[in-house]
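Scroll down for the structure; my scribbles are underneath it.
The values are calculated or read from the model by the stated rules, or taken from the named source; none is laboratory data. These numbers were taken from a predicted model, which means no experiment stands behind them. Cβ placement follows ideal geometry from the backbone for every residue including glycine, while neighbour counts extend to all protein chains displayed. Note: areas computed on protein heavy atoms with side chains; ligands, DNA, RNA excluded. Shrake-Rupley method; radii C 1.70, N 1.55, O 1.52, S 1.80 Å.
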Amino acid sequence: MSLAQPATPQTYLATFIERYTCRTATSKHLAQHHRARLADPRVPEGFIPAIKELVYPIVGERSQGSRLWDVDGNEYVDLTMSLGVNLFGHNPVFVQEAIAQQLAKGLQIGPQSELAGEVASLICELTGVERVAFSNSGTEAVMTAIRLARAVTGRRKIAMFAGSYHGHFDGTLFKAQVVGDQRQSVAIAPGIPAALAQETLVLPYDKPEALEQIKLHAAELAAVLVVPVQTTRPNLQPQEFLHQLRQLTSECHIPLVFDEMVTGFRIHPGGAQAWFGVQADLVTYGKIIGGGLPIGVIAGKAAYMDAIDGGFWQYGDGSSPQVTKTFLAGTFSKHPLAMAAAHAVLQHLKAAGPSLQEALNQRTTQFVQSLNAYLELDEVPIRMANFGSLFGPAVGDDLEDDSGADPTTISLALLYYHLIEQGVLPRGSGGYLSTAHSDADLEFILQAIRESVQALRVAQFLPPLTRL
Ligand code: PMP
């Protein structure tokens, strides 16, 4: 590809927009064609008026391993990995076969799933939880974990942390607003009942102040909800804080809920609990375990999980459910296809052992090190960090809201679109590596970044090098 020196940033931008929209013309056409009828919240990388011609999602047609092809036939090294679902790359044979076998047997929804019990046992074995229940999404899993915690404790308030995303259930869609020394929870969008904000404390993550607030509100708190390592701040891996949180919540008899939607099965077979050496009371999983099918998992100690079914009982004696139940339902929960895929994923993880994650984590660390060495050398004002196979920009610790690390400036947004043009599909400013990414893929990504930075520098979207 020739990157001829443009006269001005504006002329470069016009040429780039022309090139990019030509290359991905069908994706753009589909976005426009369906916009009136398809209400789609997923606008890639935000709406920046100067580059609105680029604002449409790449439409995927097929995928395999580390690769994805769009409807225009362009091939990408994919870093979105289905939003963190595909730990083994796209379409792994063992998941494909499990789904095909189940499909041939039919999709009987309602009667007990043949595999649900075994899937639950495998989750217990890998993560150390005592009991397991299923939902169809991570959002539902978090919602249910909160309901369980409220049911068992009889309390209402939930503490969560700024920068954490727990899905799109009303009860967690709050951010902190700090006015003077007053901290308030406010809804992140219209339509979320303000009354629910009264039930939610949004505390600063990895800060002593958060522990003080939890102590102060201990008698009212039904749960402390934590994403151990937030997707938007992969550099923040607060082992000590998590241990302090565990100790404090145990002392105050507040259930600690780990939301392991992204960290679960990724950082270690036992997730962040095993990685940080912290045992939560309730844990939520999703993404990876579903092998590409929709799933949510609510798991944890029997003392909380028993509120789902009344607790253990057996035949042939006087035993009966003893625990007061709360409510959990869902037409599609324990869906036969999701159970078949989860079963295949868990068996694969069990057979591979922790070395699968260890090797992938290490490769990602090396990749991020190479990337940072380049960014430093080429004076690009951004540094990356990784937590296992999740990587993204390293963010300062003053992040209070959930604004995330996605590009908001035109230069960063243009970097994103340049990478797509070069055949790399990032997730925001970062992404996920899978076991299917080869060394050649990683070199390809680095090369795409170097070329994109070079093009943006020539076009004056990045400041000139000072070392020249
Ligand atoms: N919790 C966390 C930590 C997440 O990252 C997500 C989704 N990215 C969710 C909950 C919600 O999961 P889902 O999108 O499956 O509803």
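In segment 437-468, what trypsin sites (Lys or Arg not before Pro) fall in a loop by DSSP, with at most 13 other Cβ atoms inside 10 Å?
Arg467
Pull out the extension gain between Val458 and Asp439, defined as 0.36 nm times the separation in residues minus the alpha carbon to alpha carbon distance; nm, one decimal.
So the extension gain works out to 4.0 nm.
Over all directions, how big on average is the projection of the convex hull of the alpha-carbon atoms in the chain, in square nanometres?
25.1 nm²
Using θ = phi - 60° and the Karplus relation 6.51 cos²θ - 1.76 cosθ + 1.60, list the HN-Hα couplings for segment 277-293 in order, rounded to whole Hz, with x at every Gly or Pro.
Ordered by residue, 3J(HN,Hα) equals x, 10, 9, 7, 8, 10, 9, 10, 10, x, 6, 3, 4, x, x, x, 9 Hz.
Between Lys215 and Arg37, what is the label-point separation in nm under the 7 Å Cα-to-beta-carbon projection?
Going from the Arg37 label point to the Lys215 one covers 6.0 nm.
Per DSSP helix of 4 or more residues, -39500 (n - 2.57); summed, then divided by the residues of the chain. What does that give at 222 nm, rounded to the nearest 500?
Result for the chain, helices only: -12500 deg cm²/dmol.
Tally the DSSP beta bridges in segment 93-352 and give the antiparallel ones as a percent, rounded to 5.
So the antiparallel bridges amount to about 55 percent of the total.
By per-residue mean of other Cβ atoms within 10 Å, what is the highest-first order of 185-192, 102-109, 253-260?
253-260, 185-192, 102-109
Sort the following peptides by mean Cβ neighbour count (other Cβ atoms within 10 Å, averaged over residues), highest first: 418-429, 63-74.
Order by mean packing, descending: 418-429, 63-74.
Dividing the Cα convex hull volume of segment 93-352 by residue count, how many Å³ per residue is that?
Here the figure is 145 Å³ per residue.
Angle between the Cα long axis of helix 336-352 and the longest principal axis of the chain, 0 to 90 degrees, nearest 10?
Once rounded, one gets 80 degrees.
Given +1 on the Cβ of Lys and Arg, -1 on the Cβ of Asp and Glu, and no further charges, what dipole in debye does segment 93-352 carry about its Cα centre, rounded to the nearest 20?
Charge dipole of segment 93-352: 320 debye, to the nearest 20.
Rounding to the nearest 10 and keeping the result within 0 to 90°, find how far the Cα-based axis of helix 439-458 lies from the longest principal axis of the chain.
It works out to around 50 degrees.
In square nanometres and to one decimal, what's the mean projected area of the convex hull around the Cα atoms of segment 153-239?
Dividing the Cα hull surface by four gives the mean projection, 6.2 nm².
Once Rh is set to the Kirkwood radius over Cα pairs, what Stokes-Einstein translational diffusion coefficient, in µm²/s, holds for segment 290-336 at a temperature of 25 °C and a viscosity of 0.890 mPa s?
192 µm²/s
Mind checking the angle between helix 93-105 and the chain's longest principal axis? C-alpha axes, 0 to 90 degrees, to the nearest 10.
It is inclined by approximately 60 degrees.
Extension gain Trp69-His243, at 0.36 nm per residue separation less the Cα-Cα distance, in nm?
Using 0.36 nm per residue and subtracting the Cα-Cα distance, I get 58.3 nm.
Taking all protein chains together and a probe of 1.4 Å, list Glu220, Glu61 from the most accessible to the least accessible.
Of Glu220, Glu61, the descending order of accessible area is Glu61, Glu220.
Of the listed peptides 244-251, 342-349, what is their order by residue-averaged count of other C-beta atoms within 10 Å, with the highest listed first?
342-349, 244-251
Of Lys157/Lys287; Lys28/Lys287; Lys52/Lys334; Lys105/Lys325; Lys157/Lys334, which ones are farther than 32 Å apart at the Cα?
Cα-Cα > 32 Å for Lys52/Lys334; Lys105/Lys325; rest within.
Can you say what percent of the DSSP beta bridges in the chain, counting only those with both residues inside, are antiparallel? Round to 5.
Around 65 percent antiparallel, to the nearest 5.
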